[in-house]
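Contents: one structure, followed by commentary.
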Amino acid sequence: MSGQTVGQKMQIYFSRSYRHLKPDSKERLFLLLGCVLPCVVFFLFFYTKISYLLAVWVKEALTVTIPESSLRIAYAEFLPFFGGVYYVQIPSTMPSFQEITLNLAVTLILLFICFLPSRNSKGGTPLFIYFAIILLTHLIAIIFFMFAQDFYPYSATHYSELYIKQQVGIWLSFLVLSGLIMGILGYGGITGRLIAFWGTMTYSFVFGCVRYLASMFIISKVSSLYMAILFFSLGPLFDFLYLVCFYSIYINAQINRFDQGERRLKWLWL
């Protein structure tokens, strides 16, 4: 393997197998200390206000379908020394027997499709595996509500409080993770890394707000039956999936960029 020429090595399309770019220490320090650290500090001191504005927005949006008298904004303690969070208190709706039965039938049909033995892929595609995990989670929830609905311990308000605490934690961890990834592992110019960092955080913020509104609407207006599937299908797992996706897109773009013209000379070969 060591006797290969540079030309032969370049025929292997695993970008990190033999080559890397020389990091710029000044750009790293600027990104970490001049951008990421101030953002983390700002968020720690203002996430309480952010959660309040989010709760007000969700409450106003839900008044279109839910009586305003049934909606309240509550406060809960969260991180010591930095403050708590605000969330929306909403009424719960328990599923009817007909709804449970219909969900059971649809879930079993979809699971059968996911596990069809005639599928060409021996292990199943990642997408079908992901859907199967989601459906199995929903199936467990259906069985619980079918036989022990009266013992279900969580209300829509419990979920609302859990969600906002989880979301604040996700935003904080993404600020740190995205900053470290772009500051230490990221390649390319400072402009591209800043765009990738802010693009990831903007998407995370918008998606988290919209997901909160959608989750509260479904759980309150439809039923609590969907609480588990909402958490496990569009919860933290999904957040880390799109974080990896955005980083992969960024790295692929940088590889393509440095494979053109004179930029190819910037590659350092192992």
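The values are calculated or read from the model by the stated rules, or taken from the named source; none is laboratory data. All of these numbers come straight from a predicted model, not from anything done at the bench. Cβ placement follows ideal geometry from the backbone for every residue including glycine, while neighbour counts extend to all protein chains displayed.
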Requested in this report: Give the residues of the stretch 73-94 that are in a strand (DSSP E or B) and within 30 Å of Met146 (Cα to Cα), sorted by residue number.
Outcome: Tyr87, Val88, Gln89
Report task. Kindly establish whether Gly186 is farther than 20 Å from Ser233 by Cα, more than 15 Å from the chain's Cα centre (by Cα), crowded, with 16+ Cβ neighbours inside 10 Å and at pLDDT 85 or above. Result -> no
Requested in this report: Of all residues in the stretch 233-245, count the ones that are assigned to a helix (DSSP H, G or I), of a type outside the set (Val, Ile, Thr) and surrounded by fewer than 18 Cβ atoms within 10 Å (Cβ to Cβ).
Outcome: 8
Query raised in the report: Which ones in the stretch 202-229 are surrounded by fewer than 20 Cβ atoms within 10 Å (Cβ to Cβ), touching a residue at least 60 places away in the same chain (Cβ under 8 Å) and of a type in the set (A, V, I, L, M, F, W, C)?
Result: Cys209, Leu213, Phe217, Val222
Query raised in the report: Given the conditions (1) without any contact (Cβ under 8 Å) to a residue 24 or more places away in the chain; (2) under 26 Å from Phe205 (Cα atoms), which single one is not true for Ile129?
Result: (2)
Report task. Can you tell me which residue among Leu127, Leu104, Leu135 is of a type outside the set (Asp, Glu) and surrounded by fewer than 16 Cβ atoms within 10 Å (Cβ to Cβ)? Result -> Leu127
